[in-house]
Amino acid sequence: MNADLLFSQADWDFDLLWRTYDAIEDIAGTELGLITYPNQIEVITAEQMLDAYSSIGLPLMYHHWSFGKHFAQDETLYRKGMRGLAYEIVINSSPCISYIMEENPMSMQALVMAHAAFGHNHFFKNNALFQQWTDASGILDYMEFAKSYVSQCEERHGHLAVERVLDAAHALMSHGVHRYPKKRVYDLREEKRREEERRAYHEQTYNDLWRTVPKSATSRRGSHDLAERKKRLGLPEENLLYFLEKSAPRLHGWQREILRIVRNISQYFYPQKQTKVMNEGCATCVHYHILNRLHEQGRITDGTFMEVLHSHTNVVFQPDFDDRRFSGINPYALGFGMMQDIRRICLDPTDEDRVWFPDFAGNRDPWGTLRDAWANYRDESFIQQYLSPELIRKMRLFKVHNDSDAPSLEVTAIHNERGYREVRRALAASYDVSRLEPDIQIIDVDMAGDRRLILHHRVTDGVLLDEENAVPVLRHIANLWGYEVRLIEVDATTDMTLNEYDDVGPSVPLVG
Amino acid sequence: MRMNIIDRRLNPKGKSLANRQRFLRRARQQILRAVREASGDRSITDIASGERVSIPSDGLREPAFRRSGEGGVRDYVVPGNKEYVEGDLIPRPQGEGGGGSGGSGDGEGEDDFRFLLSKDEFLDIFLDDLELPDLVKTNINRTESHSLARAGYSVSGSPANLNLVRTMRNSLSRRIALKRPRPDDIAELEAEIRRLEESGDDPERLSELRVDFDRMMARSKRIPYIDPLDVRYSRFEPVPKPVTQAVMFCLMDVSGSMTEHMKDLAKRFYMLLYLFLTRRYHHVEIVFIRHTHEAKEVDEDTFFYSTETGGTVVSTALTEMKRVVDERYPTSDWNIYAAQASDGDNTSSDNARAAEMLAGLILPLCQYFAYIEVGAEYKDWLGRETDLWRTYKSVARVAPNMAMRKVRVRSQIFPVFRDLFSKERVGNAGGGA
């Protein structure tokens, strides 16, 4: 029996977790050069894991029915055995919190610690998107504030009123981010103070007289110059939640505050959307190498290593396009594949690699190269920059062109000399965040007239909005805005109007 | 130490309970429908044990602006090419638009949405918006029922009720107000004195510090850390708990003409009523009275399962009920409910007497009297009214607290039950079918 052996049994205990963590940390620090937030590992039960799932992965969340719905859904699937639970959940915070489940064997705990506490953690701390857009040390405090604020509102204004605002805000969540923001730091005290100020102002300026002023007296002033009006309202604006929070004429202070909370959460998750492949690739790559190294050093048994590999291969499995199990490209598989490929190019490049990647082919510094990639790219640019012909061949990637007017689909590029660049470009483009979400902007408000809000959807490639979803979302916007809303779908290249949702009015007044 | 392991397994459970309540409230209409449908053909004992319900997902969707799944021009990159070369044409797959890596479908299906309701949730929904008629007479009695309710704080009490937070808060504010020296300051001063003593540098300052130190020590002795003044106890006050109690009389004709099927229907009705009463009253007792040509109070098993032969004289059951009420359930203390099940047969000479007893003696005692006429499954019912039905109808016409319904098959039980106790009916809960 090897004295270095960390563990040989399946059961875990806290002492083993510590020892294993230390061994992993050693490799992660010296060999891989990872720089992480301090770690906090929390052991939870399956039920708690389901809990964490259903409230979008944050340990603190305000209450909303949709989380209850997701919980019920996940629970049903889980109890039926149709879906396993995630092995881990990791939160982009400082300290970085990783959840591990009590049911898992020790081998899995080791894998999870390497994956989450080092892989994801390093990525969160070093990737430029996360650095720019999230404040890891402030998020938990902010969520604490958000949670208690929402429950205060529920007490003060009733569940239903709060639920309506949250429903509307959630519908607009993906359109509640600043895509080109300045870095802002959440500060609990600052948030609280701002909120109090808002309320104090409201109380100060409250005058009962206003109630008696006849409401219909809308003084029609001379029509303003369109450009000036837009400028004053900051239009066009693609952050719908921001615009509504600041400019919707009829919302109460607390309603604006709730919109702000949802917007801040959305902004917090914005980087994660853009880095799925890289984030998972990074974590998978890290756990794979750390556990390989532990095995080489004789610190885990062959049996443990086989278990680990079994889970690992499950995670990075990529079914072919004609497989029943195919549901798009597995971000774990693509990310892990690319990062393994980068290592190969650094250590053992072919002539082809030297032509394609002159910067780092054969530089003998795989981890440095990877750390640089992890820090400075997002999915789209990472694929555009690093996807190699070798991997395109290995995955047998090909590009299919689907024009809904044509009778059939066309293969426009495959994994050959002529196709590499096209496949790479198209794959990268499919991860472009502006492609994932429709480009919707607030264009104009008729402030002097009937206050109708006008939105444009700039249609790319002729793909319109899903109507079944668009109408209820517009209804939500109208409820927040308080007046009618019109959405026009305009072709981005020709400026032709393709579709129009006319004058959706508020269904329930949010403000009495 | 840079790492931290926290065991969260013992954290309070049900963190998502609040979310679940909100979800149930939101889905109320759909769940209600599902529960009603599910209960139609299920036995009542099953009903009480929770339910897997399936509800349509409309009203529970979370809409967001999404790109449509069809139309337009899309490019996909997919893995696993086998034989395609550039320029190949692939026939459009039926239904789905090809590769599929384009959409960000997060599994938001149109399908029904299935999940498990707990027993309590199920019953809440199942019996929701049902109300007992005429609760006026409910009694606040039963002296045993006192409960303790929090009632602020007091300066005296038993040590078990010591309120630590309050006490420490008082202590802290008193110590701050009276400027009790902090232990840290004392320790600091002490260290300083020791340093000076050892080095012997500045004897003047040393003696000054000694004086300070003595003063500090004296002060911290004079001002105790916790003073009896600080101590607070949680105070509890006994509050009389209104216990409403009810007794439910099950009357049933067990003569030969009552088939098993009919008894089964009656039993289901009784169970529903019992379930319902137990959720409205703290204390519910049941009295089973069966009758042929003579009536007898029996236990539950005998009531449902033992057979008896004889004629049918309804008034005997009413007499027996009156006797039991007089003996054990004074109307001043009890809410009395009665449910009578019968196939409608009665000795014709008894009809007048039964009506008279019901109107004159029984109904004034009862909160509510429900008459359920059970019938054979395949018999045509619309034909003629039974003797008993006609007799009771004349009574029910003028009595606000009596209702009568006909039940033929199992699935009718719950609708009939709801009909009898639905909230709108309360107040004008008149008779009549």
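The values are calculated or read from the model by the stated rules, or taken from the named source; none is laboratory data. Predicted model only: the values in this text are computed from it and were never measured. We place every Cβ from the backbone using ideal geometry, glycine too, and count neighbours over all the protein chains shown. What goes into the accessible areas is simple: the full protein's heavy atoms, side chains included, and nothing from ligands, DNA or RNA. Shrake-Rupley method; radii C 1.70, N 1.55, O 1.52, S 1.80 Å.
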Quick one: which of B:MET262, B:MET217, B:MET271 is under 30 Å from B:ARG174 (Cβ atoms) and part of a helix (DSSP H, G or I)?
B:MET217
Looking only at the range B:341-361, count how many residues are open to solvent by 10 Å² or more (accessible area, probe 1.4 Å) and either without any contact (Cβ under 8 Å) to a residue 24 or more places away in the chain or among the aliphatic types (A, V, I, L, M) (or both).
8
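For the range B:207-218: of the residues being surrounded by 14 or more Cβ atoms within 10 Å (Cβ to Cβ) and of a type outside the set (A, V, I, L, M, F, W, C), which is nearest to the chain's Cα centre (by Cα)? Walk me through how you get there before you give the answer.
Of the range B:207-218, the ones surrounded by 14 or more Cβ atoms within 10 Å (Cβ to Cβ) are B:209-210, B:212-213, B:216-217.
Subsequent filtering for residues that are of a type outside the set (A, V, I, L, M, F, W, C) retains B:210, B:212.
Values: B:ARG210: 69, B:ASP212: 66 Å.
Among them, the one singled out is B:ASP212.
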For the range A:394-415, which positions are surrounded by 15 or more Cβ atoms within 10 Å (Cβ to Cβ) and either at positive phi or more than 7 Å from every other protein chain (Cβ to nearest Cβ) (or both)?
A:ARG396
Counting just the residues of the range B:311-340 that are part of a loop (DSSP other than H, G, I, E, B) and open to solvent by 40 Å² or more (accessible area, probe 1.4 Å), which one comes out modelled with the highest pLDDT?
B:PRO330
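For A:LEU32, state whether it is aliphatic (A, V, I, L, M) and either open to solvent by less than 20 Å² (accessible area, probe 1.4 Å) or out of contact with any helix residue (DSSP H, G or I) (no Cβ under 8 Å at 6 or more places or on another chain) (or both). Steps first, answer last, please.
Details: aliphatic (A, V, I, L, M): yes; either open to solvent by less than 20 Å² (accessible area, probe 1.4 Å) or out of contact with any helix residue (DSSP H, G or I) (no Cβ under 8 Å at 6 or more places or on another chain) (or both): yes.
Yes: the conditions hold for A:LEU32.
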Looking at B:ALA403, is it modelled with pLDDT under 85, under 23 Å from B:THR278 (Cα atoms), buried (at least 20 other Cβ atoms within 10 Å of the Cβ) and of a type outside the set (S, T, N, Q)?
yes
From the options B:ASN346, B:ASN335, residue that is of a type in the set (S, T, N, Q) and closer than 17 Å to B:ILE286 by Cβ
B:ASN335
Select from the range A:457-471 the residues that are at pLDDT 85 or above and within 7 Å of chain B (Cβ to nearest Cβ) and write down the one among them that is farthest from A:GLU245 (Cα to Cα).
A:VAL463
Among the residues that make up the range A:128-145, is at least one of them modelled with pLDDT of 90 or more, assigned to a helix (DSSP H, G or I), open to solvent by less than 10 Å² (accessible area, probe 1.4 Å) and within 30 Å of A:HIS312 (Cα to Cα)?
yes
Checklist (1) outside any loop (DSSP other than H, G, I, E, B); (2) at pLDDT 85 or above; (3) open to solvent by 20 Å² or more (accessible area, probe 1.4 Å) applied to A:LEU474, failing item:
(3)
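Counting just the residues of the range A:238-258 that are charged (D, E, K, R) and open to solvent by 30 Å² or more (accessible area, probe 1.4 Å), which one comes out modelled with the highest pLDDT?
The first filter runs over the range A:238-258 and keeps only residues charged (D, E, K, R), leaving A:238, A:245-246, A:250, A:256-257.
Cutting the leftovers down to open to solvent by 30 Å² or more (accessible area, probe 1.4 Å) gives us A:238, A:246, A:250, A:256.
Working: A:GLU238: 86, A:LYS246: 88, A:ARG250: 85, A:ARG256: 94.
So, considering only residues that are charged (D, E, K, R) and open to solvent by 30 Å² or more (accessible area, probe 1.4 Å), the one modelled with the highest pLDDT is A:ARG256.
For every residue, the table says whether it meets (1) open to solvent by less than 40 Å² (accessible area, probe 1.4 Å); (2) outside the structural domain of A:PHE382 (by TED's automatic domain parsing); (3) touching a residue at least 40 places away in the same chain (Cβ under 8 Å); (4) in a loop (DSSP other than H, G, I, E, B).
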position	(1), (2), (3), (4)
A:VAL286	yes, yes, yes, no
A:ASN292	yes, yes, no, no
A:HIS295	no, yes, no, no
A:ARG325	no, no, no, yes
Of the residues in the range A:41-70, those that are farther than 20 Å from A:ASN104 by Cβ and either open to solvent by 20 Å² or more (accessible area, probe 1.4 Å) or not assigned by TED's automatic domain parsing to the domain that holds A:ILE89 (or both) come to A:ILE56, A:LEU60, A:HIS63, A:HIS70
Taking interchain pairs and intrachain pairs at least six residues apart, which have beta carbon atoms under 7 angstrom, with the first residue in the range A:259-284 and open to solvent by less than 10 Å² (accessible area, probe 1.4 Å) and the second among the acidic types (Asp, Glu) and modelled with pLDDT of 90 or more?
A:LEU259/A:GLU245; A:GLN274/A:ASP379; A:THR275/A:ASP379; A:VAL277/A:ASP379; A:MET278/A:ASP379
Identity of the residue in the range B:31-55, within 13 Å of chain A (Cβ to nearest Cβ) and open to solvent by 20 Å² or more (accessible area, probe 1.4 Å), that ends up modelled with the lowest pLDDT
B:ARG52
Candidates A:GLN384, A:GLN441, filtered to the one that is more than 10 Å from chain B (Cβ to nearest Cβ) and either in a helix (DSSP H, G or I) or more than 26 Å from the chain's Cα centre (by Cα) (or both)
A:GLN384
Matching entry among A:ARG425, A:ARG486, A:ARG435, A:ARG451 (being more than 9 Å from every other protein chain (Cβ to nearest Cβ) and under 26 Å from A:TYR377 (Cβ atoms)):
A:ARG425
Inside the range A:358-378, can you point out the residues that are acidic (Asp, Glu) and assigned to a helix (DSSP H, G or I)?
A:ASP372
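Of the residues A:LEU498, A:LEU480, only one is part of a helix (DSSP H, G or I) and either more than 28 Å from the chain's Cα centre (by Cα) or more than 7 Å from every other protein chain (Cβ to nearest Cβ) (or both); which? Can you show your working first?
Values: A:LEU498 fails: part of a helix (DSSP H, G or I).
A:LEU480 is the lone residue from the list that is part of a helix (DSSP H, G or I) and either more than 28 Å from the chain's Cα centre (by Cα) or more than 7 Å from every other protein chain (Cβ to nearest Cβ) (or both).
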Considering only the range A:7-27, state which residues are away from chain B (no Cβ under 12 Å) and either open to solvent by 60 Å² or more (accessible area, probe 1.4 Å) or aliphatic (A, V, I, L, M) (or both).
A:SER8, A:GLN9, A:ALA10, A:ASP11, A:ALA23, A:ASP26, A:ILE27
Is the range A:332-353 home to any residue that is touching a Lys or Arg at 6+ places or on another chain (Cβ under 7 Å), more than 14 Å from chain B (Cβ to nearest Cβ) and more than 19 Å from A:ALA116 (Cα to Cα)?
yes
Enumeration of residues in the range A:493-508 that are aliphatic (A, V, I, L, M) and modelled with pLDDT of 85 or more:
A:MET496, A:LEU498
